[in-house]
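A quick write-up on the structure given underneath.
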Amino acid sequence: MDEDKVLAAIAQLGAHMAEGFMLAESDVKQLRVDLMGKLEQVQNELTAMRDDVAVAGFAAMRAVKRTDSDREDARDLNELVNTVLRSVMRLRTEVDELKGRKE
């Protein structure tokens, strides 16, 4: 009879363990589903961030090109102004020389 009680206890323990394993398996499956969902969400956020960085980088490159272009335009304008000033100074010298000859 003691042997029957031991076997019954072992059987009951086995049933409890099987039930615990089933619950654990169910919990693991739910955890996996939750993790996959969260992973997908994080991946989508990273993709959006990457797209934002790409757009910002493109905008920055355009701004640099515009700045370089503006800088080049300013240099060209400065060179033109200097050329005109030299011409005016040369003409002024010529006018002064002509005035000196008439006097």
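Just so it is clear, none of the values below were taken in a lab; they were calculated from the coordinates. In this text the structure is predicted, and so the values were computed from the model without any measurement. FYI the Cβ positions are ideal-geometry reconstructions off the backbone, even for glycines, and counts take in every protein chain you see.
For the reader, a short list of remarks on this structure follows.
- Against the rule of thumb 2.2 N^0.38 Å, how large the Cα Rg of the chain comes out: 3.42
- Listed residue (Ala60, Gln43, Val6) projecting farthest to the positive dipole end of region 1-74, Cβ model: Ala60
- In region 51-103, the convex hull through the Cα atoms has an average projected area of 3.2 nm², a quarter of its surface area.
- Acute angle (nearest 10 degrees) that the helix 2-102 long axis makes with the longest principal axis of the chain, alpha-carbon atoms: 0
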